Each structure stands twice: as C-alpha cells, then as structure tokens.
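This report refers to the structure that appears directly beneath it.
The values are calculated or read from the model by the stated rules, or taken from the named source; none is laboratory data. This structure is a prediction, so every number in the text was calculated from the model and none was measured. All Cβ positions, even for glycine, are placed from backbone atoms using ideal geometry, and neighbour counts span all protein chains on display.
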Amino acid sequence: MSSHHIVREKQEPALLVLGINDFDDELLGQLLEWSPTVITTRTTAEKLNSYGIKIDWIITGSEEEELQSDVKTLPLNTDALQSAMDFLTDNGYPSVNILTDELNIDDYLPFIHKINLVIFYNGQKIYSVAPGFSKWKPAGESIEILLAVTGLRVTGLTALSANHFKTTNDGFFTLSFSEPFIFLAEKI
C-alpha cells in the first residue's frame, strides 16, 4: 500500500504570511508540508524567497518586479490582511493559517464566519471556538481567552487570571459561554 496522497487544490489551508520574525523553522516546514497556496507581503516575500519557499501571491500596491517567475500579484485594498482574506473567501478557500508579527484580534472578526482561520503569533496558536468547545490537553498547559467573554464556565481548567487558565489534569477541558464564538490562544 502506498503512503502517497493526492492533494487537491484548496484541500489544505492556505498560508498567509504577514510576518515571520522569530517564527520556528520546524513549524513553518510543517505548515508548508502539503504545498498550500502561499500569500505574503512584499517585505516578507524577500525573507521567504531567501528560504527558498515558493510564493504564489504577493500583496502589493503596485505592479512590481516579481521575486519568482510564477508569482502573481494581489492588489492591496485597505490593508494586507483585508486584501488577502477577501481574495481567499472570494475564491472559496475553506481555511487559512496566518503567520503574523503583529496582532489586533479585532481585525479578524469580520472573517470568522467566512473562513476557518488559525493565527500563529508570538509563540501562540490562536483560533476561534464555539460555546461547548472541548479539547484534550496534558496537565499544566496554558490556555488564554482573547476576547471579552460573558457567562464563562470551564471544566478541567484552573484560573490563573480573568482570561488565563491552565489545564488541571491530563484530559479534556471544556469552555461554555454566551458569545457565538471566542478566540482561544495556546502555546505552541
């Protein structure tokens, strides 16, 4: 039996690279393993190019000379995140992994119901969860809620502060709350 898989276009999450300062090379390799569509900014493209990473789209405000011959340009609308997310949702991408050096979680709120997104920022993996979310984690793992939350009830977690918790034991933790979703951050 062969271990080779056929990867269909858009089957794997796209990779939006807005910044990769201090980003773990091994994790970057894992995110690139299945050859996702790679979208980046002009500044970050130079760094990705130096790593030999194939770029599909560069978000730019003008037609510039390409770093790689088959790179397409994506017009910059209001900002790089908005331009990339509009492109991904308009073209039917179901999910995206986002690498960034700066985070304003409110910038991601307009896209939460349009595309499944995972944000990698400052050693954290950030994603949205719905009420009743449950996940298995080892004891002592850090969990942080990044949005204001009402009616929060947790199991399997010990509060360290208002929105910061650690897992009590090896096993599942559960979050219940009133909002339709929240952003959760865990260490990577």
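Looking at (1) at pLDDT below 90; (2) in a strand (DSSP E or B), which is the only condition T73 fails?
Against the list (1) at pLDDT below 90; (2) in a strand (DSSP E or B), T73 comes up short only on (1).
Within the group K166, K125, which residue is part of a strand (DSSP E or B), within 29 Å of G19 (Cβ to Cβ), of a type outside the set (A, V, I, L, M, F, W, C) and in contact with a Gly (Cβ under 7 Å, 6 or more places away or on another chain)? Break it down stepwise before answering.
Values: K125 fails: in contact with a Gly (Cβ under 7 Å, 6 or more places away or on another chain).
On inspection, the qualifying residue turns out to be K166.
Please name all residue pairs, on different chains or six or more residues apart, with Cβ atoms under 8 Å, provided the first residue is in segment 74-87 and is within 11 Å of W57 (Cα to Cα) and the second residue is among the small types (G, A, S).
Listed by first residue and then by second, the contacts come to L74/S83; L74/A84; P75/G61; P75/S83.
Go through T78, T89, T60 for me and flag whichever is more than 30 Å from T168 (Cβ to Cβ), within 19 Å of the chain's Cα centre (by Cα) and not assigned by TED's automatic domain parsing to the domain that holds F183.
Working: T78 fails: within 19 Å of the chain's Cα centre (by Cα); T60 fails: within 19 Å of the chain's Cα centre (by Cα).
From the options T78, T89, T60, the qualifying one is T89.
Can you confirm whether segment 173-187 contains a residue that is outside any loop (DSSP other than H, G, I, E, B) and surrounded by fewer than 13 Cβ atoms within 10 Å (Cβ to Cβ)?
Kept after step one, since they are outside any loop (DSSP other than H, G, I, E, B), are these residues of segment 173-187: 173-176, 182-187.
Cutting the leftovers down to surrounded by fewer than 13 Cβ atoms within 10 Å (Cβ to Cβ) gives us 187.
Taking every residue of segment 173-187 in turn, at least one turns out to be outside any loop (DSSP other than H, G, I, E, B) and surrounded by fewer than 13 Cβ atoms within 10 Å (Cβ to Cβ).
Here is a list of conditions, (1) within 23 Å of Q30 (Cβ to Cβ); (2) touching an Asp or Glu at 6+ places or on another chain (Cβ under 8 Å); (3) of a type in the set (D, E, K, R), and K72 meets all of them except one; can you say which number that is?
Condition not satisfied by K72: (1).
For segment 94-101, indicate whether the set of residues that are among the small types (G, A, S), within 25 Å of W34 (Cβ to Cβ), surrounded by 16 or more Cβ atoms within 10 Å (Cβ to Cβ) and in contact with a strand residue (DSSP E or B) (Cβ under 6 Å, 6 or more places away or on another chain) is non-empty. Lay out the reasoning, then the answer.
At the first step, the residues of segment 94-101 found to be among the small types (G, A, S) are 95.
Checking the rest, the ones that are also within 25 Å of W34 (Cβ to Cβ) come to 95.
So of that shortlist, the ones also surrounded by 16 or more Cβ atoms within 10 Å (Cβ to Cβ) come out as none.
No, segment 94-101 contains no residue that is among the small types (G, A, S), within 25 Å of W34 (Cβ to Cβ), surrounded by 16 or more Cβ atoms within 10 Å (Cβ to Cβ) and in contact with a strand residue (DSSP E or B) (Cβ under 6 Å, 6 or more places away or on another chain).
In segment 92-116, how many are touching a residue at least 24 places away in the same chain (Cβ under 8 Å) and either under 21 Å from T44 (Cβ atoms) or not assigned by TED's automatic domain parsing to the domain that holds D22 (or both)?
Residues that pass the stated criteria total 14.
Checking the structure you have, find out if any residue of segment 19-41 is of a type in the set (D, E), over 22 Å from G123 (Cβ atoms) and surrounded by fewer than 19 Cβ atoms within 10 Å (Cβ to Cβ).
Kept after step one, since they are of a type in the set (D, E), are these residues of segment 19-41: 22, 24-26, 33.
Remaining after also requiring over 22 Å from G123 (Cβ atoms): none.
Among the residues of segment 19-41, not one is of a type in the set (D, E), over 22 Å from G123 (Cβ atoms) and surrounded by fewer than 19 Cβ atoms within 10 Å (Cβ to Cβ), which makes the answer no.
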